[in-house]
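Visitor: Below are the structure tokens for one structure; questions will follow.
Every number in this text was worked out from the coordinates using simple rules, so none of it is lab data. Here the structure is a predicted model, which means the values were calculated and not measured. Positions of Cβ are generated from backbone atoms using ideal geometry, with glycine treated the same way; all protein chains shown enter the neighbour counts.
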Amino acid sequence: MITERQKNIRNFCIIAHIDHGKSTLADRLIEKTGVLTEREMQDQVLDSMDLERERGITIKLQPARLVYNADNGQEYVLNLIDTPGHVDFTYEVSRSLSACEGALLVIDATQGIEAQTLANTYLAMDHDLTLIPVINKIDLPSAQPDMVKEEIENVLGIDSSEAVLASAKEGIGIDEILQAIVSRIPYPEGDEDAPLRALIFDSYYDNYKGAIAFVRVKEGSIKVGTMIKMMSTGKVFEITEVGVFRPKPVPCDGLKSGDVGYVAASIKNVSDTRVGDTITDEENPAVHPLPGFKRIPPMVFSSVYPYDSSKYEDLKVALEKLQLNDASLSFEPDNSIALGFGFRCGFLGLLHMDIIQERLEREYDLEIITTAPSVVYRITKTNGEVLYMDNPTNFPNPTEIEQMEEPIADSTIMLPKDYVGAIMELCQERRGVYKGMQYLDENRVMLEYELPLNEIIYDFFDALKSRSRGYASLDYDLKGYQQSALTKLDILVNGQAVDALSIIVHKDKAYDRARKIAKSLKESIPRQLFEIPIQATIGSKIIARETVKALRKDVLAKCYGGDVTRKKKLLEKQKEGKKRMRKVGEVEIPQEAFMSVLKLGDE
Amino acid sequence: MMGLGLYVHIPFCARKCLYCDFNSYQSKEYLIDGYIGAVLKEAYGYRNADIDTVFMGGGTPTLMSAGQISRLLSGLADTFDLKKGIEFTAEANPGTLDEEKLSMLLHSGVNRLSIGAQSMDDRLLKKLGRIHSSGVFTETFEEARHAGFDNINVDLMFALPDQTYGDWVDTVNKIVVQKPEHVSCYGLTIEDNTPYRKMYERGELRLPDEDTEREMYWNAVSILESNGYAHYEISNFAKKGRECRHNLIYWRDDSYIGLGAGAHSYYKGYRYANEQVPERYIDAVCKGDSPVVQREYIDRRNEMEEYFFMGLRLMKGIGIDDFEHRFGESPYNLYGKSMDRLLKLGLVNIADNRMYLTEKGVDLSNQVFMEFMD
């Protein structure tokens, strides 16, 4: 039975590509509905992490509960739930979408539809959401709303007359958007007297209250004191606080079907509030959980070492704290002959990896060395054993390997037609298998390729951007494993293997990568007292070689009028630099050398 | 116990050279009289010190007039009761000396001249921003001899922009012909905050590569040695008995007093640095304040470091016994591992109870010095 309360609720999300103006639009909606006064508005209120604000990208907005007085005299509660606009977080997007009945599809009037927008729109259609296209930034001189409308019809198959023209920055079209939300998006269904089923679409860790789950109540109700059960684990907790987002968390009496809010239950760990899980009432449990819960395994792995080996414990504490808020981050102790003790970390994707690494450096003030990212390979040994391996260091001996398989991704690239040649060439170079091409409108094209994930994580985004002058966008979806001629490439410095530099590479790419790595190492390892050979090997075969010549000269000039102190300072500075290097055998390798092989450039 | 070295800094130049990051200023000659007064006042604070060597450096001390020279040097002689037979050096730049000044220097007790020739190639001198030509150097040198200076050093620089190996050999040979008692050869370094640094960054300086630089150096060593100069310090060469005693004080890590703007002292276990800007230096001293702006106590550990990196600049190196005598412990106990490593790398030798740099060690001396630092 649907209550009047429920009929005045609208739950919606915003789907947008990075930079298409999602955060600004959210700000305007909040401002317009008067949750906050203009004075209280800090630009882009909902970007919660400094890092996001600084990069100008939004991984995820905080949810917000808006109260909107419509022209018909009714008061509506509008719950804005955000979707991350990045391929790393596709699963989270799908969970956010499950919490809504409708979505604003924000498209930049100067850019058109991007790959990620398309992917998320398809997801929204799969979830039967009502879509409201919003063509944003129409105030810009380069805006082409008609072109975008054409794309909306051709690509998305949505009637473009439904699109709202807007400029979030200038406050144009905001009323129309609010009216469209109320009139077009259906109210939430669900019986508030049925057994509780609440979907967790996000969570974070609060130092005082423990893990906080962001929920959409589908059926039933929840209040302080309710004994809840997590349906994926069966764990039971007592609710200590229930609240809504205004947009800061504000406690309330309870949440009922159709409502969006948060619950706290002295939960020690965010891994107990997994996104996608269903919360039910322990005393009156639902029979079935809500559909779609998955544990998402990490796709990209990299080892992280403290620059200063005495900071190992600090790194561990930092990772533990990050994990409290981010159940998708995994890590376990790792150690390297070259780099000492560190952690093997698993990430959802490259952006996720970048963010974690940057937060370690910025928020925890740690200097870290990271190894080249790796995907998870499937290895079948000659004895029939099947292994999933992400760390090249642990790879079995080639003679024990029957077959190797690598993950393949269905990839969609959207770009202006002028760059099609360049990007097809890039995809070919990256072992892509061409699947199709479609014109989105007169100028823009969608390319479909099957690309090995191993190639995508190796500088692919940068190459894509540089070869399309920043215009191409990529989305991918993991398809499965495929047998592949892979090989382990080792790097020897002064005859000694540097485990942290080993990578898995396709046989056809081995020579090229080997040469680039050797060259980049040669440039970043300073000349030392003896000649240092740098060799790249496959098994015992050397496939690339460079030499760092022996240091020829290292002298200080005269000391002027007895200024011994200055001389000493110069020597101390030099010595300090020496100390900061990693010793592999007799060779001192600076941090930059480890990092430089990660970014070898496109060409 | 040996006496102290006395260094007097004259921070004035007719023109600042393009590579120079010394504490020296052009167009401030009007300060000289006041400056001399301040230096003498600062000197008075050390009046009972026992001085073994005096070195008046710069800048360009010979930018002072004969009268100014006389006033400064007689003032110093009065303050310190300078003994006969001490080494008393004045730096001089070609083009700033005349008969009157030479004779004044000589009569004020100066018995050693150090002339900044830098190069005998007029094209390169111009590039360095020097005010003199090779001809002017030769004149100055001959005048100094004529005036009675029988102990002269010539400063040379190598690895200059556009300098070829042949250019350098030519300069060294031209100097050898003059038969100075002492020659210094320093490789050009591009220092921060100099016009050369900016030019270097803009790619305007074509410097010889490292290999050529080393060849230049070792060739100078060979030419000078075959002409009877002993290679006694990394960059210094002297006829028998003509080593610079003042600089030996630095290299042996002994004590010295520095007077003047930006001068450094190592005195009673502390290293001091004076205010660099002449106006501020003069002000401070005249007001009766200390011109010292930096003071560092040199503890035993620091003293050892300095002892190594200064002492190893001498080609005969440091005496194992001397070290033990000074610090009360054998360097083998304290630095055995480092010494072993350096021996194995062929950077030092140990013989006759002394440790000294090998030729390879000379080229890579920083690597050796760093071994002895924390």
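Visitor: Work the Kirkwood hydrodynamic radius out for the range A:473-603: mean of 1/r over every pair of different alpha-carbon atoms, inverted, in Å.
Guide: Computed over Cα pairs of the range A:473-603, the Kirkwood hydrodynamic radius comes out at 17.2 Å.
Visitor: Something else: State the answer as a single residue: which of A:L598, A:L140, A:Y434 lies farthest towards the positive end of the charge dipole of the protein assembly as shown, with beta carbon charges of +1 for Lys and Arg and -1 for Asp and Glu, about the Cα centre.
Guide: A:L598
Visitor: So what's the range B:275-362 giving for Cα Rg divided by 2.2 N^0.38 Å, two decimals?
Guide: So the Cα radius of gyration is 1.56 times the expected 2.2 N^0.38 Å.
Visitor: Let me ask another. Could you tally the net charge around B:Y200, taking each other residue with its Cβ under 12 Å from the Cβ of B:Y200, Lys/Arg +1 and Asp/Glu -1?
Guide: 0
Visitor: Another question, if that's okay. How about the range A:531-588: which trypsin sites (Lys or Arg not before Pro) there lie in a loop by DSSP and see at most 14 other Cβ atoms within 10 Å?
Guide: When the trypsin sites (Lys or Arg not before Pro) of the range A:531-588 are filtered for loop state and at most 14 Cβ neighbours within 10 Å, A:K549, A:R552, A:R580 remain.
Visitor: Take the range A:238-381, compute every pairwise Cα distance, and split them into 10 Å bins from 0; I just need the percent in each bin.
Guide: With 10 Å bins starting at 0, P(r) equals 10, 31, 27, 20, 10, 1.
Visitor: Let me ask something additional. List the GluC sites (Glu not before Pro) within the range B:158-204 that DSSP assigns to loop and that have no more than 15 neighbouring Cβ atoms inside 10 Å.
Guide: Those that pass, being in a loop and sparsely packed, are B:E191, B:E204.
Visitor: A follow-up question, please. Just to confirm a number: summing +1 for Lys and Arg and -1 for Asp and Glu over residues other than A:I107 whose beta-carbon lies under 10 angstrom from that of A:I107, what do you get?
Guide: Surrounding charge for A:I107 is -1.
Visitor: Where does each of A:184-191, B:233-240 land if you order them by average Cβ count within 10 Å, highest first?
Guide: Highest-to-lowest ranking by the protection proxy: B:233-240, A:184-191.
Visitor: For chain A, count all C-alpha to C-alpha pairs, find those more than 49 Å apart, and express that count as a whole percent of the total.
Guide: Pairs farther apart than 49 Å: 19 percent.
Visitor: Turning to a different aspect of this structure: So which GluC sites (Glu not before Pro) in the range B:262-333 end up in coil per DSSP with only 15 or fewer other C-beta atoms within 10 Å?
Guide: Within the range B:262-333, the qualifying GluC sites (Glu not before Pro) (loop, at most 15 other Cβ atoms within 10 Å) are B:E329.
Visitor: Follow-up question, since we're still on this one. May I ask you to list the lysines whose Cα is less than 23 Å away from that of A:K218, ignoring any residue fewer than eight positions away on the same chain?
Guide: The qualifying lysines are A:K7, A:K60, A:K229, A:K235, A:K248, A:K256, A:K294.
Visitor: For the range A:377-484, with the dipole built from +1 on Lys and Arg beta-carbon atoms and -1 on Asp and Glu ones, taken about the Cα centre, which of A:L453, A:Y377, A:G480 lies farthest toward the positive end?
Guide: A:L453
Visitor: Which whole number gives the average, over all residues in A:546-556, of C-beta atoms from other chains lying within 10 Å of the residue C-beta?
Guide: Mean number of neighbouring Cβ atoms from other chains: 6.
Visitor: What order do you get for A:18-29, A:219-230, A:334-345, A:281-292 when each peptide is scored by the mean count of other beta carbon atoms within 10 Å, highest first?
Guide: A:18-29, A:334-345, A:219-230, A:281-292
Visitor: Evaluate the range B:4-251: find the radius of gyration of its Cα atoms, find its Kirkwood radius, and give the ratio Rg to Rh.
Guide: The Rg/Rh ratio comes out at 0.96.
Visitor: If you take each beta carbon of peptide A:571-580 and count the beta carbons of other chains within 10 angstrom, what is the mean?
Guide: That average works out to 3.
Visitor: Net charge around B:Y281, counting only other residues with Cβ within less than 15 Å of its Cβ (Lys, Arg = +1; Asp, Glu = -1)?
Guide: It works out to a net charge of -2.
Visitor: What is the dipole size for the protein assembly as shown, taken about its Cα centre, with +1 at each Lys and Arg Cβ and -1 at each Asp and Glu Cβ, in debye to the nearest 20?
Guide: The calculated dipole for the protein assembly as shown is roughly 2760 debye.
Visitor: In whole Hz and in residue order, list the ³J(HN,Hα) couplings for the range A:566-583 that follow from phi through the Karplus curve 6.51 cos²θ - 1.76 cosθ + 1.60, θ = phi - 60°; x for Gly and Pro.
Guide: Those phi angles translate into 5, 4, 5, 4, 4, 5, 4, 5, 5, 5, 4, x, 5, 5, 6, 8, 8, 9 Hz.
Visitor: Would you calculate the volume per residue, in Å³, of the smallest convex hull containing every Cα atom of the range B:87-137?
Guide: That works out to 66 Å³ per residue.
Visitor: Let me ask another. In deg cm²/dmol and to the nearest 500, what is the mean residue ellipticity at 222 nm of the protein assembly as shown if only DSSP H runs of at least 4 residues count, each as -39500 (n - 2.57), divided by the residue total?
Guide: -9500 deg cm²/dmol
Visitor: How well do other chains shield peptide B:252-262, expressed as the mean number of their Cβ atoms within 10 Å of each residue Cβ?
Guide: Going residue by residue through B:252-262 and averaging, the value is 1.
Visitor: As an exercise, find the ratio Rg/Rh for the range B:179-314 from alpha-carbon atoms, using the Kirkwood inverse-distance average for Rh.
Guide: Ratio value, two decimals: 1.05.
Visitor: What ranking of A:R65, B:R245 emerges when the number of other C-beta atoms within 10 Å of each C-beta is taken as an exposure proxy, fewest first?
Guide: Arranged by neighbour count, lowest to highest, A:R65, B:R245 become B:R245, A:R65.
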